[in-house]
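Only the coordinates and a few stated rules stand behind these numbers; no lab work does. This structure is a prediction, so every number in the text was calculated from the model and none was measured. Here Cβ is always computed from backbone atoms with ideal geometry, including for glycine, and neighbour counts include all displayed protein chains.
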Amino acid sequence: MVLKIGVIGTGAIGQDHIRRITNTLSGGKIVAVTDVNQEQAKAVVKNQNLDAVIYDDGHELIKSEDVDAVVVTSWGPTHEEFVLAAIQAGKPVFCEKPLATTAEGCKRIVDAEITHGKPLVQVGYMRRYDTGYRALKKVIESGQIGEALMVHCAHRNPTVPDTYTGDMSIVDTFIHEIDVLRWLLNDDYVSVQIVAPRKTSKALEHLQDPIMVLLETKQGVRIDAEVFVNCQYGYDIQCQVVGETGIANLPEPSSVVLRSEAKKSTEILVDWKDRFIDSYDTELQDWINSTLKGEVNGPTAWDGYVAAVTSDACLEAKKSGNIVPISLGERPDFYYKTLTAAGKL
Ligand code: NAP
């Protein structure tokens, strides 16, 4: 059986996902696309040689009988309305992050999905599909390093454009750590503080860079995370988990070890897309496979909600310098049941 997919938003990541579904993955076919920029949608259909209908807007695409499942890759502020419409139509939906731009918006989606009664939503937090993070989680869960006590991590980009704002260091950059670290530890956050070290001279005037995010989890694990988006030297993601009896590090991306001119060296990636390219493939293949089985296997709408609540607390902590509590409320039984059934808890 082939999953007939409609894509809303044919910008950068929409085009990438269309290409991977069409050329690399199996079990899915792009049958419909739409974008506010209709010329762009037409160009994508032509350039990628798609046999797909171009819809005037996302709501028409969602309603179409030819569309089994929806991929939302439009501009962030439009995600909520399209995900809600997909739930209303009873159609599975893969939504790029953010699920919605506010915690209230994410909660509306959670409530709508629970009312619908069947999980339909997966959020595009692809780091959970990275082989390195998966290997690290396996080690933690094996008990080889005892209980996790502390996590040290870093998210470093070489540079960011002039349009990058201070809030983006949380909502666009650190958001990936917010999701992957709680998945890694199988834990939730209870508080956050953000401190600012000496500012790099390489950052634009308006931007405090780097920042240090200090999180505490329910189990009492302390996380320190450096977010440094003008580090100059490369795109570098680090994560070290300190346990009771050992330490586990996120593996480095594989790279040739070069011995030359009296030096031993390995390259460091520069582009974030290269670092996580394989995880996007694995993520969408898993979404197609689980959707065909009527399941949601990856990050749920609840995970999207938790990311939004945590990122709001981070923004408040960044502004105030205070330790800000993170209150999630109880995870609804609906998500326990579906995740337990899928062997995810
Ligand atoms: P982008 O290149 O700006 O693409 C967004 C596209 O959506 C644009 O073509 C935009 O058209 C279109 N659009 C806006 N409103 C729409 C609507 N109402 N209906 C249909 N299309 C609409 O941005 P992007 O980089 O692809 O990012 C898209 C989303 O993916 C963002 O939420 C971003 O955070 C997320 N993302 C996630 C990752 C990840 O690592 N998981 C990586 C990259 C991006 P106009 O250009 O005409 O406004």
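Projected onto its three principal axes, the C-alpha set of the chain covers 57, 52, 41 Å, listed from the longest axis down.
Which residue fluctuates most in the GNM of the chain (Cα springs below 10 Å): L99, L136, L204? Evaluated over the chain, the most mobile residue of the options is L204.
When the Cα gyration tensor is reduced to axis lengths a ≥ b ≥ c, the ratio a/c is 1.5 or higher for the stretch 206-259, and with a/b not above b/c it is classed as oblate.
Cβ crowding within 10 Å ranks Y129, Y336 as Y336, Y129, fewest other Cβ atoms first. Which of the lysines could be linked to K319 by a straight reach, that is with a Cα gap under 19 Å, when you skip same-chain ones fewer than 8 residues away? K319 reaches K199. Sorted ascending by nearby beta carbons within 10 Å, beginning with the fewest, E261, E80, E226, E147 become E261, E147, E226, E80. One Cα centroid belongs to the stretch 249-305, the other to the stretch 1-62; the line between them spans 23 Å.
Residues W302, W75, W183, arranged from fewest to most other Cβ atoms within 10 angstrom of their Cβ, appear as W75, W183, W302. Using a cut-off of 25 Å between Cα atoms, the listed pairs K97/K137; K107/K273; K137/K264 include K107/K273; K137/K264 as exceeding that distance.
Here the ratio of the Cα radius of gyration of the stretch 186-345 to 2.2 N^0.38 Å is 1.29. At 4 °C and a viscosity of 1.567 mPa s, what translational diffusion coefficient does Stokes-Einstein give for the stretch 128-270, taking Rh as the Kirkwood radius over Cα pairs? Give it in µm²/s as a whole number. For these conditions, the coefficient is 79 µm²/s.
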